[in-house]
Amino acid sequence: MRRTGPLALLGIAVVGAVIGWLLQVALVAGGAPSFIPPVTLYSVLFLLAAGLLLLGRPVRRVVKGKADRPIDPFYAMRILVLAKASGLAGALLVGGAAALLLYAVSRTGTAATPAFWPDVLTGIGALVLCAAGLVVEWWCRIPPQDRAENPESTLEQR
């Protein structure tokens, strides 16, 4: 699996911003109130980031050689996939939260809107989730093997 690149994250954040903006415009155009993120949304984003870091810690210890016992490779793979998904979802939500914030500020012309702080906290929570996903994805990286120590692991000898 390849590591998540910054261009992919930026592209996903732009997609999230476009979707967030269009959904907010559609809500208001339909006569519904604009969307204000609830407390549970950004709270859960922070909790997911903390949980991901806790789940990735055993994998990091094994990769660094500080673990007492080996780890199940399927567990490590699942944590890696969860980290990648968290990074991508965090980037999508960063874009969506930025669009909601921009929409709220553009409608009132000031930061004194009731949606300002929930939008900011949602953006920060999404950014923390994205960062936690990238950190755990980096933790799950297997260090390169020395070819002199393990010659049967090279592809040239197959």
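The values are calculated or read from the model by the stated rules, or taken from the named source; none is laboratory data. Please read these numbers as outputs of a predicted model, since none were measured by experiment. Note that we place each Cβ from the backbone using ideal geometry, even for glycine, and neighbour counts take in every protein chain shown.
Where the second residue is outside any helix (DSSP H, G or I) and not hydrophobic (A, V, I, L, M, F, W, C) and the first is under 14 Å from VAL128 (Cα atoms) and lies in region 77-90, which pairs have Cβ atoms under 9 Å and are six or more apart or on separate chains? Hits for this filter: ALA83/THR4; LYS84/ARG3; LYS84/THR4; GLY87/THR4; LEU88/THR4. For region 65-87, filtering for residues that are surrounded by fewer than 16 Cβ atoms within 10 Å (Cβ to Cβ), assigned to a helix (DSSP H, G or I) and of a type outside the set (Ser, Thr, Tyr) leaves 6.
For (1) closer than 19 Å to LEU102 by Cα; (2) surrounded by fewer than 16 Cβ atoms within 10 Å (Cβ to Cβ), each residue gets a yes or a no:
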site	(1), (2)
ALA8	no, yes
VAL14	yes, yes
ALA17	yes, no
GLN24	yes, no
ALA29	yes, yes
ILE36	yes, no
THR40	no, yes
SER43	no, yes
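Is there a residue in region 101-118 that is of a type outside the set (Phe, Trp, Tyr), in a helix (DSSP H, G or I) and touching a Leu at 6+ places or on another chain (Cβ under 7 Å)? No: zero hits. Every test in (1) in contact with a Phe, Trp or Tyr (Cβ under 8 Å, 6 or more places away or on another chain); (2) among the hydrophobic types (A, V, I, L, M, F, W, C); (3) modelled with pLDDT under 90 is passed by ALA111 save one, and that test is (1).
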